[in-house]
Amino acid sequence: MHNYTVAQLVKQLQNKDVSSRELTQHYLDRIDAHDQELNSFITVTAEQALASADAADKRIAQGDAPALCGLPIAHKDIFCTEGVLTSCGSKMLDNFIAPYNATLVDNYEQVGIVSLGKTNMDEFAMGSSNESSFYGPVKNPWVTDCVPGGSSGGSAAAVAARLAPAATATDTGGSIRQPAALCGVSGLKPTYGRVSRYGMIAFASSLDQAGLMAQSAEDIALLLGPMAGHDPKDSTSVNEPVDDYTRLLNQPLSGLRIGIPEEYFGEGLNSGIETCVRDAIKQLEALGATTKAIRLPHTQLSVPAYYVIAPAECSANLSRFDGVRYGHRCEDPKDLDDLYCRTRSEGFGDEVKRRIMVGAYALSAGYYDAYYAKAQKARRLIQQDFVTAFQDVDLIVGPTTPSPTFEFGSKGKDPVAMYLEDIYTIATSLAGLPGMSIPCGLVDNKPVGLQIIGNYFNEAKMLGAAHQFQLATDFHTLAPANFA
Ligand code: GLN
C-alpha cells in the first residue's frame, strides 16, 4: 500500500477500497517499524491521527468529501499544530505546545487530510544535513551512514522510506529541494507569498516559503491547491487566485523552451550528477522541449548574499526567544540580563548562535551599508538575471545539488562547505521564484535531483513538465531497498 502515490491512494479512499483508518494505521505501523532507525519524526500523533481518520471516513461515507479527504501526511515540525509539540528542532522550543494551528495546517484539516505527526529538521531550519537538530540527526534511507539533506531532512526521509505518502516542508535557501534531491523524492518550493507563513516559525521572513514533498509531481500538484492562497493573517501572502495545479499535467512538452544555465555546470559539480542531469535534459528534448544555453551571470553572488541576508533576518526573528514569553527558560536567573543570556546560551545550538552573531554584526551601525545593504543590491542583480532569462525561456533546468548525499560529520567542521550545498538553489530563493527537484538517477546508489525553476506563479507549468518527465522515466518510483 505504501508504494502507491497520493494520486492512487485518494482514488482508493474515494472508492472505499481502503478506509482512512486502515491507511493511517498502515503508515503508523511503518513509522513504528522503521523510524527508530531513521529518526525522521520528532512527534508521532497516533491517537489524533486515528481520530481524524475516523472523521474523514464519515465524510467519505456521506459522499461529499473533498478529493484529499482521509489522506495521511506528515508536517515539518516548523508548523504550529494546536495542542502538539512544535519544536522547530530546537531545545529552545522543546516544551512548546502550540496554542494554534498554522494556516496551512488548518487548510489541510479542513479538507480532511490526516496528520501522522511532526518531522525532524535542522534547528530553526538552519542547515543542509539535519545534523543540527536537538533531536538528533536523521538518516538517509538510501545510505544510512549519510545525511538526508536539510533542513527538511525528516520530511524527505519519511517520504523516501514510505513512512508517509507526502510531507510539508519549508525552503529558505534550498531546504525543500536539496533534501528532496538527496533522498530521491519530488519537492516543490512555490513562489514566495503563494502559501501563508502564518504559524510557520520564522527563520528569514523575506525568503521562507512552505511547500511539499511527495513521490511524484502529480502528487504535489494535487496537494498544493488546498495549501496555497491568500491569508489575511500573513501580510506577505499574495492575493492572487490559486491555480489548478493539475491543469497542465497532461500537456505535451512540444514548444516548451528550457534554459540551461552555464553557471550551474561549472567547477564543483560532481561528474556523476552532471551525467544524470544531462541525460534528463536529453529526455526532456525527446519529449518535445527545446533547450538553449543561458547565462545567470550573478550566480556566484548568491551564496555570499544569502549568508548576510538570512542571518540578518534570523537575528531579528530569533530575538523573541528570550525566556520570558515561551520556550526554554534558564533556572534561577539572577536578573533580566542573566535570564536572556543563559536562556539563549542554553536553548540555541551552535549553528543558530553562529547565524545570530553574523546577522547582528551585519546589521550593526557602521557595517549595515557594507554588508546588509550590499547584499540586498546583489539580491536585486540576481533577481534581474532571472527576469532577463525568462524573457526567452519558459523553465530553467539544472542540477539541484553539486554532490550526492555525504557522510555524517564530513562537512561539520567547515560551515562554508555546508553552505555550498545550496549553491544552485539559493539564487531562486533570493529571487522569490518557484523551484522544484525531481529524481533523475542514482550515483553509487545515491539519489540525484533535477532542478526545475519557473517564473513567478508558474508552478502548474513546472509540475506539467515534471509529470511528463515522470511518465517517461521511473526514477521517482525507486525506493530505498530496506524500506520498499
Ligand atoms: N541550507 C540553507 C541554510 O542553512 C537553507 C536552509 C533553508 O532553506 N531553510 O540556511
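A few remarks follow.
- Residues of segment 408-446 classified as modelled with pLDDT of 85 or more, among the charged types (D, E, K, R) and surrounded by fewer than 24 Cβ atoms within 10 Å (Cβ to Cβ), total: 3
- All positions within segment 117-138 that are within 9 Å of the ligand (Cβ to nearest atom), open to solvent by less than 10 Å² (accessible area, probe 1.4 Å) and assigned to a loop (DSSP other than H, G, I, E, B): Met121, Asp122, Met126, Ser128, Ser129
- Count of segment 149-171 residues which are under 14 Å from Pro447 (Cβ atoms) and either open to solvent by 10 Å² or more (accessible area, probe 1.4 Å) or within 13 Å of the ligand (Cβ to nearest atom) (or both): 3
- Which listed residue, of Gly288, Gly327, is outside any helix (DSSP H, G or I), of a type in the set (Gly, Ala, Ser) and under 27 Å from Met121 (Cα atoms): Gly327
- Qualifying residue in segment 412-431 (condition: of a type in the set (Gly, Ala, Ser), in contact with an Asp or Glu (Cβ under 7 Å, 6 or more places away or on another chain) and farther than 18 Å from Ile309 by Cβ): yes
- Residue among Pro297, Pro304 that is more than 22 Å from the chain's Cα centre (by Cα), within 14 Å of Ile382 (Cβ to Cβ) and either of a type in the set (Ser, Thr, Tyr) or surrounded by fewer than 17 Cβ atoms within 10 Å (Cβ to Cβ) (or both): Pro297
- Verdict on Thr477 being of a type outside the set (Gly, Ala, Ser), crowded, with 18+ Cβ neighbours inside 10 Å and touching a residue at least 24 places away in the same chain (Cβ under 8 Å): no
- Elements of type helices (runs of 4 or more DSSP H) contained in segment 141-247, each with 2 or more residues being under 10 Å from the mean Cα position of the chain (by Cα): 153-160, 177-183
- Figure legend. Inter-residue proximity from segment 408-421: first residues within 17 Å of Lys139 (Cβ to Cβ), second residues part of a loop (DSSP other than H, G, I, E, B) and away from the ligand (no atom under 13 Å from the Cβ), beta-carbon distance below 8 Å, spacing 6+ or different chains. Indicated pairs: Phe408/Pro137; Phe408/Asp145.
- Selected residue [of a type in the set (D, E, K, R) and away from the ligand (no atom under 11 Å from the Cβ)] from Arg197, Arg177: Arg197
- Test result for Thr191, within 25 Å of Asn95 (Cβ to Cβ), open to solvent by less than 10 Å² (accessible area, probe 1.4 Å) and in contact (Cβ under 8 Å) with a residue 24 or more places away in the chain: no
- Of all residues in segment 315-336, those that are closer than 21 Å to Phe134 by Cβ and hydrophobic (A, V, I, L, M, F, W, C) have Cβ atoms under 9 Å from Cβ atoms of residues that are in a loop (DSSP other than H, G, I, E, B) and open to solvent by less than 90 Å² (accessible area, probe 1.4 Å), 6 or more apart or on another chain, in Leu318/Ala202; Leu318/Phe203; Leu318/Phe348; Phe321/Ser90; Phe321/Gly327; Phe321/His328; Phe321/Phe348; Cys330/Gly323.
- Screening Gly268 on (1) surrounded by 14 or more Cβ atoms within 10 Å (Cβ to Cβ); (2) touching a Leu at 6+ places or on another chain (Cβ under 8 Å); (3) assigned to a loop (DSSP other than H, G, I, E, B) shows it passes everything except condition (1).
- Failed item, numbered, when Gly412 is tested on (1) more than 14 Å from the ligand (Cβ to nearest atom); (2) farther than 27 Å from Ser186 by Cβ; (3) not in a helix (DSSP H, G or I): (1)
- Count of segment 373-394 residues which are open to solvent by less than 40 Å² (accessible area, probe 1.4 Å), free of Cβ contacts under 8 Å to residues at least 24 places away in the same chain and basic (Lys, Arg): 0
- Some residue of segment 254-262 being open to solvent by less than 30 Å² (accessible area, probe 1.4 Å), over 26 Å from Lys139 (Cα atoms) and within 16 Å of the ligand (Cβ to nearest atom): no
- Looking only at segment 325-347, and only at residues there that are open to solvent by 30 Å² or more (accessible area, probe 1.4 Å) and either at pLDDT below 95 or touching a Ser or Thr at 6+ places or on another chain (Cβ under 7 Å) (or both), the one that is farthest from the ligand (Cβ to nearest atom): Arg329
- Tally, over segment 48-87, of residues that are outside any helix (DSSP H, G or I), of a type in the set (Gly, Ala, Ser) and more than 16 Å from Thr119 (Cβ to Cβ): 5
- Boolean, Glu351 is open to solvent by 20 Å² or more (accessible area, probe 1.4 Å), more than 30 Å from Gly464 (Cα to Cα) and in contact (Cβ under 8 Å) with a residue 40 or more places away in the chain: yes
The values are calculated or read from the model by the stated rules, or taken from the named source; none is laboratory data. All values derive from a computational prediction rather than experimental measurement. Please note: Cβ atoms are built from the backbone with ideal geometry, for glycine as well, and neighbour counts cover all protein chains shown. With ligands, DNA and RNA removed, areas are computed over all heavy atoms of the protein, side chains included. Shrake-Rupley method; radii C 1.70, N 1.55, O 1.52, S 1.80 Å.
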